[in-house]
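Below is one structure, written out as structure tokens; comments come after it.
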Amino acid sequence: MRTVLFLFLNALLVASCNAPKKNFLRAQGHHIVNGAGDTIILRGMGLGGWMLQEGYMFRLGFIGQQYRIRESIEDIIGTEETERFYQQWLANHTRKVDIDSMAAWGFNSIRLPMHYNLYTLSVEDEPVGGENTWLEKGFALTDSLLAWCKANRVYLILDLHAAPGGQGNDLNISDRNPDKPSFWESRANQEKTIALWRRLAERYADEEWIGGYDVLNETNWGFEDTADFRGTEEQSNAPLRQFLVDVTRAIREVDANHIIFLEGNGFANNYNGIFPKWDDNLVLSFHKYGNPNVQEAIQRFLDLREEHDIPLWLGESGENSNTWFTEAIALCETNGIGWAWWQNKKMGINQPLEIKQPEGYERLLDYWSGKGEKPSPEEALSILNEWLENLKLENNTFHQDVVDAMFRQIYSYEALPFGKNAVENGTILPAVNFDLGRQRVAYYDTDTASYHYTPGLNTQGNRGRSYRNDGVDIRPDSLGHHIFHIEDGEWLQYSVTVTDEGITGLQLQVASEIETGRINVSIDGQTLAQPITIPTTGDEEEWVLVPIEIPELTKGKNVIRIKAETGGFNLKSIAFGL
């Protein structure tokens, strides 16, 4: 009897071990579902700049590719210190606290842009031609990242961003050296890539918090016509389809569990010739930048979903204003499409975390761009070491407005205070701390997004590219920041909590170089009787105070709007009390 019971329990154990894990993702019709069959909308963030630097992320667009950035650093501080710099970069840029934070903000997935050179040698550097030397560094980094994701119940999607040889004519994206054979010009590069994916799939086959394999990022290549530099006009895409079929076959030899994400040519926009499907667990991943957020902009992908019964994923997007973010994400989720943004941190304002520029960084930029003298190794090391420290989350600037736009504002038309905004007589509220919320809810600006890939639309959002990522134009000054380029009809809203009695006036700190503006002030929806004239001060940062009498503010919440009847002035702050 005991033997029978043992065999029964052992059979149950084996069955439970072999049972599908409930968190594995898979393609099912038009949707991505988990093991329980629940539809999952992926809300993700890419880790651009960690394993792969692109020059624009760090004001180094004039240098471009990572290998050239590395050469520029090595030119000043030498090989040994440069190697130390890059090892410390990998240690500091993305840590468990970054993943913990993203999960807390609302992200349920992470897209890891991988550089192949952390996992294997280049074809040119292999000691024995045709063989693959595996490097532990990349696999160890991925293991750690997966552990942090699992702890937060966040999916990790592996994305080969820089394939051996480089897969496109946009050199920065894949760290491509144009003096060497590209991915598409070298069968050895393709075979190494397939071998790498087989190695990764074998390692992670049973990991349910691996969301899938994004096997080749943003091919941009003219196969039939080399003049089709970006691959947007390609009609057959035969080499790309063949690679996708081959890499799928290699992955399936060791891993039947995970989604394989397919990116087309033309920066994941051209899918001519890619279908029909050759596997039942595929997802079409398209990318979207700088075009209007209307149904027509994604209709061709919706048509492919319908025709080929395949889920869609917006695998990369971003690099725009908060208004554009909200609209794009709402468009996706309305159509049952998950998304992954680009990227979590860099220098600049249009992502959750901003890497602060180290002191003296301009010295490096000037030298590398040919405008200044070469810094000493000691000076360069000091600047670079500060840059390494600035990579850490605790030293980043958190842009709550970006996260708010990506999550709360998708489904809410409510404005919230930017800070606590408790005011009393004498409180000075920075003008840049207007409410959090959508355009026409928390503020109105005539230019709220960049449509840089749409001919004829030359807007840009925040022209000053500082402090916040809303459409309002903000730039730094010697004492902080102020709002500039205020145009006719634009307005700002401030939700404040009044803690003091007797506030019967406001003072606006304004400046105007050549124009006289006029503003209307409203409190809790009631507009003051007469517009207020803004004087010309002679300089755009020559500040004066304009007093405004108002009905006494009640204790508690008050909503103040400042509207430019005519613009042409700058706004620095609002003081409470006359």
| task | Evaluate the following for R203: is it in a helix (DSSP H, G or I), open to solvent by 10 Å² or more (accessible area, probe 1.4 Å) and either in contact (Cβ under 8 Å) with a residue 60 or more places away in the chain or over 24 Å from E316 (Cβ atoms) (or both)? | result | yes
| Could you count how many residues in the range 126-166 are of a type in the set (V, I, T) and either under 15 Å from R111 (Cβ atoms) or at pLDDT below 95 (or both)? | 3
| task | Keeping to the range 147-166, report how many residues are under 22 Å from G338 (Cβ atoms) and open to solvent by less than 10 Å² (accessible area, probe 1.4 Å). | result | 8
| Any idea which of I349, I383, I310 is over 11 Å from the mean Cα position of the chain (by Cα) and either more than 30 Å from G78 (Cβ to Cβ) or modelled with pLDDT under 95 (or both)? | I310
| request: For E565, indicate whether it is assigned to a strand (DSSP E or B), closer than 25 Å to V441 by Cβ, in contact (Cβ under 8 Å) with a residue 40 or more places away in the chain and not hydroxyl-bearing (S, T, Y). | output: yes
| Do the conditions hold for G231, that is, is it surrounded by 23 or more Cβ atoms within 10 Å (Cβ to Cβ) and in contact with a Phe, Trp or Tyr (Cβ under 7 Å, 6 or more places away or on another chain)? | yes
| message | Given the criteria modelled with pLDDT of 95 or more, assigned to a helix (DSSP H, G or I) and open to solvent by 10 Å² or more (accessible area, probe 1.4 Å), does R241 qualify? | response | yes
| task | Could you grab the pairs with beta carbons closer than 8 Å, sequence gap of 6+ or different chains, first residue in the range 487-502 and farther than 14 Å from R561 by Cα and open to solvent by less than 10 Å² (accessible area, probe 1.4 Å), second one in a loop (DSSP other than H, G, I, E, B) and of a type outside the set (F, W, Y)? | result | V498/E424; V498/L553; V498/T554; V498/K555
| Taking the condition touching a residue at least 24 places away in the same chain (Cβ under 8 Å) and either assigned to a helix (DSSP H, G or I) or open to solvent by 10 Å² or more (accessible area, probe 1.4 Å) (or both), does L196 pass? | yes
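I'd like to verify a number: residues in the range 415-434 that are part of a loop (DSSP other than H, G, I, E, B), open to solvent by less than 40 Å² (accessible area, probe 1.4 Å) and either closer than 26 Å to S478 by Cβ or without any contact (Cβ under 8 Å) to a residue 40 or more places away in the chain (or both), how many?
Total meeting the criteria: 8.
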| task | Could you list, in sequence order, all residues of the range 454-463 that are over 14 Å from E354 (Cβ atoms) and assigned to a loop (DSSP other than H, G, I, E, B)? | result | T454, P455, G456, L457, N458, T459, G461, R463
| message | Show me the helices (runs of 4 or more DSSP H) entirely contained within the range 247-354 in which 2 or more residues are of a type in the set (F, W, Y). | response | 322-334
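Can W313 be described as aromatic (F, W, Y) and crowded, with 24+ Cβ neighbours inside 10 Å?
Against the criterion (aromatic (F, W, Y) and crowded, with 24+ Cβ neighbours inside 10 Å), W313 qualifies.
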| Would you call N169 within 18 Å of I110 (Cβ to Cβ), polar (S, T, N, Q) and open to solvent by 10 Å² or more (accessible area, probe 1.4 Å)? | no
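Under 24 Å from L416 (Cα atoms) and open to solvent by 70 Å² or more (accessible area, probe 1.4 Å): does that describe K555?
yes
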| note | Of the residues in the range 466-486, those that are open to solvent by 40 Å² or more (accessible area, probe 1.4 Å) and either part of a strand (DSSP E or B) or basic (K, R) (or both) come to R475, P476, H481
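The values are calculated or read from the model by the stated rules, or taken from the named source; none is laboratory data. Everything quoted here is computed from the prediction, not taken from an experiment. As a convention, Cβ positions derive from the backbone with ideal geometry for all residues, glycine included, and neighbour counts pool all protein chains shown. Side chains are part of the model used for accessible areas, which takes the heavy atoms of the whole protein and leaves out ligands, DNA and RNA. Shrake-Rupley method; radii C 1.70, N 1.55, O 1.52, S 1.80 Å.
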